Structure formats: C-alpha cells, structure tokens
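The structure under discussion appears below in the form of structure tokens.
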Amino acid sequence: MPCQSSDELKALVEEARNCTKNGKVADYIPALGKAREDDLSIAIHYPDGRCLSAGDIEKKITLQSISKVISLALVLMDRGQDDVFKHVGMEPTGDPFNSIVKLETMAPTKPLNPLINAGALVVTHMINGDTVKERIQRLLVFVQELTKDATIRYCEEVARSEFETSYLNRALCYFLKQHKMIAENTDIEQLMELYTMQCAIEMNCLNLARIGLVFAMDGIDPQSGKQIIPADIARICKTFMVTCGMYNASGEFAIKIGIPAKSGVSGGIMGAVPGKFGIGIFGPALDEKGNSIAGIKLLELLSKNYKLSMF
Ligand code: GLU
C-alpha cells in the first residue's frame with residue numbers, strides 16, 4: 001500500500017512542485033491559459049473508500065484528452081468492438097496528438113488509435129443518441145456514475161473557447177468524413193460541439209482518482225460492487241492507456257513509471273494501478289510533449305518509492 005498518510009503525499013507534492021517552473025500552461029485553447037503554472041494536486045482513491053490527497057484538491061480541471069478513455073469505454077459498450085475497430089486502430093503513432101500526417105500517408109485512411117485526436121473524433125461521432133444534447137447527457141450520466149458525483153457538468157467557457165478556435169480538429173473531421181471513417185450524414189459543427197463539450201467535462205482530483213479506481217478494478221465500482229464497465233472493455237481502455245495514454249512519451253512513461261495513465265492538455269493525469277487504486281493529478285504546467293511536468297515527476301516518485309510499476 002503506497003503512502004500511509006496525506007503528509008507523506010504532501011512532501012512528494014512539494015518536491016515535484018519545483019519542476020513546474022520548467023513547464024508551460026497550454027494556451028492554444030484560450031480559456032486554458034488562465035491556469036496557474038505552479039498549481040499541483042493529487043488524490044489517491046483506494047477500493048475500501050479511503051482517499052489520500054495533497055495540494056489544492058478542490059480546484060476543478062477540464063478532462064481534455066482524459067475524456068477520450070471515457071468516451072471510448074461508452075462507445076465500446078454502445079457499438080461493440082467489431083464496429084469500433086472498423087473505424088479506429090490499435091497502434092501507437094509516435095506523432096503529436098493532433099497530427100494529421102498519418103491519415104494521409106497510410107492507406108486505407110484510419111486513425112491509428114482512439115487516444116489521438118483523429119481517433120477520438122471518430123469515437124465521439126459514434127456515441128449513441130439523436131441530438132448533441134442527448135449524447136452529451138449520456139456521457140455525463142456515465143461520468144457521474146463513475147465518479148459517484150451527480151453534480152459533474154462541462155465547463156461552458158472552456159467548451160466555447162475550444163469550439164471557436166478548433167480549426168485543426170475540424171480539418172481532421174472533414175478529412176475523415178471524406179474517407180468515410182466519419183459517417184457521411186454527420187454534421188461536423190455538431191460533432192465539434194459534442195467533442196468540445198466532452199473535453200470540457202470538469203471535475204476535481206478526487207473525482208478523477210475515482211474514475212481511475214474503477215478502471216483499476218476492472219470496471220467494478222468497489223464500493224457498490226456494481227460492474228459499471230464490462231471487464232473486457234476496461235482491459236482494452238487500460239491497454240490503450242499504457243501504449244498511447246501519455247502522447248508520444250508513452251514508451252518512456254511505461255519504462256520509468258509503468259502505470260496505465262492518461263493525460264490531458266489541461267494538466268490532468270488519471271492513473272489506474274491495476275487491482276490497487278486510482279490516481280487523479282492536476283498540474284497545468286506541461287512539458288514539451290504536452291504532459292503535466294510536475295505530474296509526471298510525482299508519478300515517478302510514487303512509482304519508485306512504492307514499486308508501482310506493473311512490468
Ligand atoms: N480538447 C483538446 C484538443 O482536441 C484535447 C487535447 C488533449 O488534451 O490532448 O485539442
């Protein structure tokens with residue numbers, strides 16, 4: 001069992017906080033640029049209900065790319081593996097998350113995995129429902145069940161800010177529609193609305209750690225005993241977290257830390273230590289690959305001190 005007390009965790013947070021000065025807050029989505037560079041917080045959620053935390057844990061963050069794991073789980077439940085993997089592959093890319101290059105150079109055109117933007121846009125377009133409202137509502141209800149927090153919403157300011165500036169994501173969508181990976185009857189503006197709302201789903205570190213815990217426990221909510229996500233789907237999601245969860249730093253992260261994890265440009269990281277606990281981190285200063293610089297440091301310290309690597 002790592003970390004017996006929040007004090008132990010606090011000391012690790014302070015050590016890791018030193019490196020926030022070497023990172024930079026993402027501002028290509030203008031509303032994200034308002035975050036404080038030296039913020040850092042962490043929560044660890046155990047199956048018995050205990051939760052340790054340190055830092056300003058009540059601060060809310062938007063999920064950004066972390067949401068891609070959750071929409072993937074929902075769409076796998078909605079559509080089944082055969083349909084989903086007809087539209088998106090299972091391989092890491094080695095390219096930045098928003099790259100368009102492989103879509104053009106690989107034939108047939110198919111996003112390499114669901115955690116890069118091209119793949120995530122395809123997955124989001126497969127969420128069941130007739131309207132944007134109905135589909136975001138289904139995703140929110142799923143997130144509320146995972147976090148056990150019925151107050152979870154999306155941040156309208158962040159969603160609008162991304163919607164108004166998301167030219168590259170629109171380009172990916174049109175490219176994918178041309179190549180029939182996004183269905184021909186899809187209205188791309190509506191898809192962008194849904195995707196930016198999904199990325200702007202907002203929560204604190206404790207909520208994030210709780211989602212990590214459900215993935216860690218093979219889709220079971222350990223408190224209620226309910227299987228929220230089928231075990232096979234939780235396994236697929238965790239595998240993608242290992243191979244593609246930390247952008248094009250996933251290989252180094254697997255070697256140095258060895259925990260299924262997914263990061264987002266807001267500075268969030270969700271970790272799922274198999275069979276043990278969930279981790280939620282918020283540290284908005286990012287490294288050059290787009291991962292929370294202090295968040296990675298913190299996970300490195302935790303993994304080393306408590307031998308958390310699954311490998
Ligand atoms: N909403 C962001 C985008 O599509 C998510 C990217 C990320 O967190 O990696 O650009």
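The values are calculated or read from the model by the stated rules, or taken from the named source; none is laboratory data. Source: prediction; values computed, not measured. Don't worry about glycine lacking a Cβ; one is built from the backbone with ideal geometry, like all the others, and counts go over all protein chains shown.
Key figures for this structure:
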read-out	value
Residue in the stretch 93-101 that is at pLDDT below 85, under 15 Å from Leu168 (Cβ atoms), more than 17 Å from the chain's Cα centre (by Cα) and more than 13 Å from the ligand (Cβ to nearest atom) present	yes
Of all residues in the stretch 55-73 being surrounded by fewer than 23 Cβ atoms within 10 Å (Cβ to Cβ) and away from the ligand (no atom under 16 Å from the Cβ), the one that is nearest to Val158 (Cα to Cα)	Lys59
Scan of the stretch 208-225 for residues that are in contact with a strand residue (DSSP E or B) (Cβ under 7 Å, 6 or more places away or on another chain) and farther than 20 Å from Leu115 by Cα, ordered by number	Arg210, Ile220
Filter result for Arg135 (part of a helix (DSSP H, G or I) and either more than 15 Å from the ligand (Cβ to nearest atom) or within 17 Å of the chain's Cα centre (by Cα) (or both))	yes
Close pairs from the stretch 153-168: first under 13 Å from Leu194 (Cβ atoms) and near the ligand (Cβ under 9 Å from one of its atoms), partner modelled with pLDDT of 95 or more and not hydrophobic (A, V, I, L, M, F, W, C), Cβ under 6 Å, at least 6 apart	Glu162/Thr196
Qualifying residue in the stretch 82-101 (condition: over 27 Å from Asp187 (Cβ atoms), assigned to a strand (DSSP E or B) and not polar (S, T, N, Q))	no
Residue match in the stretch 285-293 (condition: hydroxyl-bearing (Ser, Thr, Tyr) and out of contact with any Cys (no Cβ under 6 Å at 6 or more places or on another chain))	yes
Unmet criterion (only one of (1) crowded, with 21+ Cβ neighbours inside 10 Å; (2) more than 16 Å from the ligand (Cβ to nearest atom)) for Gly49	(1)
Count of residues meeting criterion [assigned to a loop (DSSP other than H, G, I, E, B), under 15 Å from the mean Cα position of the chain (by Cα) and surrounded by fewer than 22 Cβ atoms within 10 Å (Cβ to Cβ)] in the stretch 212-246	0
Members of the stretch 1-43 that are within 16 Å of the ligand (Cβ to nearest atom), surrounded by fewer than 20 Cβ atoms within 10 Å (Cβ to Cβ), in a helix (DSSP H, G or I) and not charged (D, E, K, R)	Pro30, Gly33
Restricting the stretch 247-287 to residues that are assigned to a loop (DSSP other than H, G, I, E, B), within 16 Å of the ligand (Cβ to nearest atom) and touching a strand residue (DSSP E or B) at 6+ places or on another chain (Cβ under 6 Å), the residue that is farthest from Tyr306 (Cα to Cα)	Ser266
